Amino acid sequence: MSILPLSFSFLFLIFLHLPSVCLADIGTAAWYPPPYSPTACYGSDASQFPSSYLFGAAGEGIWDNGAACGRQYKLRCLSAVAAGSCQPDQTIQVKIVDYARSLVSPGRRPG
């Protein structure tokens, strides 16, 4: 038996037993005033919103034809336009309840 196949098998087994790896990506967050429904995931069902009211809309990258509905993601702020609104050492958990129709978040309309 050669060492190469044994080494490959050993490495493969190590990767199978590693805990799940966290993947991260950089995106844009925005805040919008109510009404928040209907949503693409749950329509007008008010119970879709978590009690923390930390929920979000998924962009095309994670939407997965609606499979993202109900998934929860941990988010961390890296920078912000408004001074003092970003706490880089804090994470929040959000539930996906809607589909973001564009990759670029549109600005809030005055009025």
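Throughout, read-outs are computed from the coordinates displayed, never taken from laboratory work. What you see is a predicted model; the values in this text were computed from it and never measured. All Cβ positions, even for glycine, are placed from backbone atoms using ideal geometry, and neighbour counts span all protein chains on display.
What is the set of long-range amide H partners of GLY56 at a cut-off below 5 Å, with H atoms built 1.01 Å from backbone N?
LYS95, ILE96, VAL97, ASP98
Grab the other residues whose beta carbon is less than 12 angstrom from that of ILE96, score K and R as +1, D and E as -1, and report the net.
Local charge sum for ILE96: 0.
Which ³J(HN,Hα) values in Hz, rounded to whole numbers, follow from the phi angles of the stretch 57-71 under the Karplus curve 6.51 cos²θ - 1.76 cosθ + 1.60, where θ = phi - 60° and Gly and Pro get x?
In residue order, the calculated couplings are 10, 8, x, 4, x, 10, 4, 6, 6, x, 5, 6, 4, x, 5 Hz.
Please list the non-local residues whose amide H lies under 5 Å from the amide H of ALA40, H modeled 1.01 Å from N, same-chain partners needing a gap of 5 or more.
TYR99
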